[in-house]
Each structure stands twice: as C-alpha cells, then as structure tokens.
Amino acid sequence: MRIAIFTDTYRPEINGVVTSIDTYRVELERQGHEVWIFCPRYFGRHDPHPRNVRMPSIPYPFKMMKERRLAWMGPAAILRFGRIKADVIHSQVPGNMGVFALIASAVWRTPHVHTYHTHYMEYTHYMPFPRAFARRTVIWIAQHFCGRCNHVIVPSNGIKDEIQSYGVDAPVTVIPTGIDLQDRETSTPIAALFDRYGLGDPSRLHGKRLLVSVGRLGREKNIRFLIRAASRIRDAGEPFHFFMIGDGPDRREIEEEIRARDLADHVTITGYLERDDVLSFLRVCDLFIFASKTETQGLVLLESLSVGTPVVAISATGVDDLIGDDVGGILTRDDTDEFAATVVHLLRTPRLYRAKRREARGRASLWSVENQARRVIAVYEAAIREMRRHGLPRFRRHHRF
C-alpha cells in the first residue's frame, strides 16, 4: 500500500505528533508499505529522505507558537503527489496541510483518514482571540474538517467522546500510538549525557533519587504544578533531583519560579534532547512525574513504562487509559500535597516501588507498534472500500466548509 502523510509539524520539531508519525512510518515500511510525508520545510534545511516532500513555510503567526510553521503546497509538490498514486491519504493536523489533504482527496478521489492527535480546546489560550470565540472555532474546525474524512483515528476514548460531542459524524476508531519495544536495553551513561548537553557535574547526583518529566514548557502541560510538588518533596526531606526535559514559551517564567522557590540545586531544565537520549534519561531515573491534564494519550508515559520506570501522574483523559487501576504507576487527584506525598511514599516503600517497576514493562507491551500498525492498516482498508462503494464522504452533504 502507498500511504501519503500530510502534516503541519515534522522534524526538526520534537513533539508527540512527530514521534507518532516516525514510529508508524518505520513499522509500516517494515510491514512492506511505502510511506510518503508531505511536511513543512524548516529554515531552508535540506531533507535527504527520498520520500519526504518539504513545503515552503513561514513561522506561525501566533507569538507563543513561534516554533510551528505555516506551510503550503506549490505546483511541484502537487505534481509529486499526483505521480505517487497514493492508495490512502493520512492527515495529522487540521491545519494548512490538512486542508491540502482534503483537496487532494477530492481531486484524486483518494480516501482520506485523519488522526485527531491534540486536545485543541486546551490550547485556545495561544490564539489571539477571545476565549469563547476560540473555543467555538475549535468545534467548528473539528466538525467541518473531520466530517469530510472517510475515517478519523483518535488515541483515547476520552478524545473520541470529546469530538463526537462537537458533532463529528465521521466513523471514529480509537488506536493509541504504539511504541517499538525493540532495542530498549542499550543506554547512554548519565555522565556522558551531562557532558553532551552541558548539564554540569553528575557527581552532585550522588545519593539522590532521580525524577524526570518530558514535555513542552507551556501552560497546557501544567509544569508549575510539578515545581510546587518538587518544593513539597524537598520539604519532606527526600533527597532528589528533578530533570525537566523539554523547552517552550514558558521556560523563562518557569526558571524564575524555580529560583523563587530555592530549587535551583534540585531541578535541571535540559532543553530538547535527541529521542535516544530521552530514553536513556528515562531509564536511569527512578520515577516519571506528570501533571498534564490535556493529553490525548500521553505517549511519553508509555515511553517511560517501556523502559521500566514507574509513573506518578494526575488522573486525566489519556493518562487514565495508560495507568488505569494504578498498574505501572500511581494516579492522584489534582492536588499538589497528594501528588508530592505519593512520590515520597513510592520512593520510600521498596516493595511497592519494585512492584511498579515490574508492572511498567508489562503494561507497555500492550501497546506494541506492530499491533497498532495492523489496526491502522485495517482502517485504511475500510476507508478504501468505503470510497470505492460511495465516493467522497457522505458528510460533505451536511456541512459547508
């Protein structure tokens, strides 16, 4: 099968959508399919991959999302798409490239599958509009974009319920992003990681328990909650060091709060790391801590479980699907004291901690990429059959774009 992926975000950006695209591409090609990616060009960089088609792009117009790109398809890219004769289009973001995916689907009569990765309602604070208008815009886009797709994939039941509450009437299937469980035993030593990223002297970690989080340093990730929790963990007398892996628009404010709470000796913001190095950090740390309430799946939680590192997280949509019944970790309420006390209790209770480590890998194995990729292919095949029988999606009759 020849698959054309349309996305508004791709490398060198680092986020869950990019991880999902790359994870599935590797597995789909391993299973004998051909994957093309139509994506933005970043800063004029050359992309040597023969099946990556880079679009002209400019920075996103919203200041707080300056790392994003606004891309458009030129005539050369349109001709390139026509020549590959794709069996299915798979869009990843309902932005500019998503609109081009809709147009290509209509012009070339190619079935169109969309993955609704992101809980966009939790990102409306980045839009330069009144909040109520921004929320109505999110609902309108979901209705009118997804309603023109042959099929929609979502990573969790919570997001399925959410978009169906907006009035999305396309078929929706829950398929979380899978993870590749192979080659996860190799690891870069922490001393080498410190040297590679200029993080200082690793000997200062001696005798401390290591906590880690991974995510964009933005308001929607609830990072300040983790800083408050770190302050309470310190006050409880637990020797620890907390690595915050990521970067984003709120980094300066977060650094100021770390200093204000006198946590500079306990917290390190690493910035963005290469994916293999993220896995190395996850492997050497004792606990993954997570406070985001805006996840559609929480792929970074799954990465942590896959290397045997337990999780403490706030119970929320997406997260509950992974750590249900406290298997592989512990879920808490949205309460800083409860969260910090749970971290301290887990670190100070060796039998419970060892049990969570054992559970973590078993939990992750349920989300192997091999199984999830087969489910994605089944959706593609269903969309192809639907297109052959009925043409463009029937939902086109009910909406105006």
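Values quoted throughout were computed directly from the atomic coordinates according to the rules given, and no laboratory measurement underlies them. These numbers were taken from a predicted model, which means no experiment stands behind them. When we count neighbours, we look across all protein chains shown, and the Cβ atoms used for this are built from the backbone with ideal geometry, even at glycine.
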request  = Would you compute, for the Cα atoms of segment 170-232, the largest minus smallest coordinate along each principal axis and list the three values in descending order, in whole Å?
outcome  = 55, 35, 21
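Take the Cβ-Cβ distance between ASP335 and MET1 as r, set R0 to 60 Å, and report the resulting FRET efficiency rounded to the nearest 0.05.
0.80
What's the long-distance tail for the chain, i.e. % of Cα pairs beyond 40 Å? All intermediate terms of the calculation are to be shown ahead of the outcome.
Numbers: 13622 of 80200 pairs.
Distances greater than 40 Å cover 17 percent of the Cα pairs.
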key: segment 1-68 and segment 228-292: distance between their alpha carbon centers, rounded to Å   = 29 Å
query = What's the percent breakdown of Cα-Cα distances in segment 188-311 across 5 Å bins, shortest bin first?
reply = 2, 11, 22, 26, 23, 14, 3, 0
inquiry  = Below 8 Å between Cα atoms, with a sequence gap of 6+, how large is the relative contact order for the chain in percent?
reply    = 16 percent
Stretch gain in nm, segment GLN164-ASP195, where the contour uses 0.36 nm per residue and the Cα spacing is subtracted = 6.3 nm
task = Report the extension gain between ARG357 and ASP22 in nm, rounded to one decimal, defined as 0.36 nm multiplied by the number of residues separating them, less their alpha carbon distance.
result = 117.9 nm
ask   = For segment 13-82, what size does the Cα cloud have along each of its three principal axes, sorted from largest down, in whole Å?
value = 41, 30, 18
Rounded to 5, the percent of DSSP beta bridges in segment 135-279 classed as antiparallel = 5 percent
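Counting only DSSP beta bridges with both residues in segment 190-365, what percent are antiparallel, rounded to the nearest 5?
On the way: 1 of 20 bridges.
Of all bridge pairs located within segment 190-365, approximately 5 percent are antiparallel.
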ask   = When the C-alpha atoms of segment 258-401 are aligned to their principal axes, what extent does each axis show, in angstrom, from largest down?
value = 62, 35, 31
message = Restricting to Cα pairs below 8 Å that are 6+ residues apart, what does the relative contact order work out to for segment 190-365? Please round to a whole percent.
response = 22 percent
ask   = Over the Cα atoms of segment 289-330, what is the Rg over Rh ratio if Rh follows Kirkwood?
value = 0.89
request  = Between ALA132 and ARG348, with labels modelled 7 Å along Cα→Cβ, what's the label distance in nm to one decimal, could you check?
outcome  = 4.9 nm
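If eta is 1.306 mPa s and T is 10 °C, what Stokes-Einstein diffusion coefficient results for segment 264-310, Kirkwood Rh from Cα pairs, in µm²/s?
Result for D is 134 µm²/s.
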query = Using a simple spin-label model with points 7 Å from Cα along the Cα→Cβ vector, what separation in nm is obtained for ILE139 and ALA76?
reply = 4.4 nm
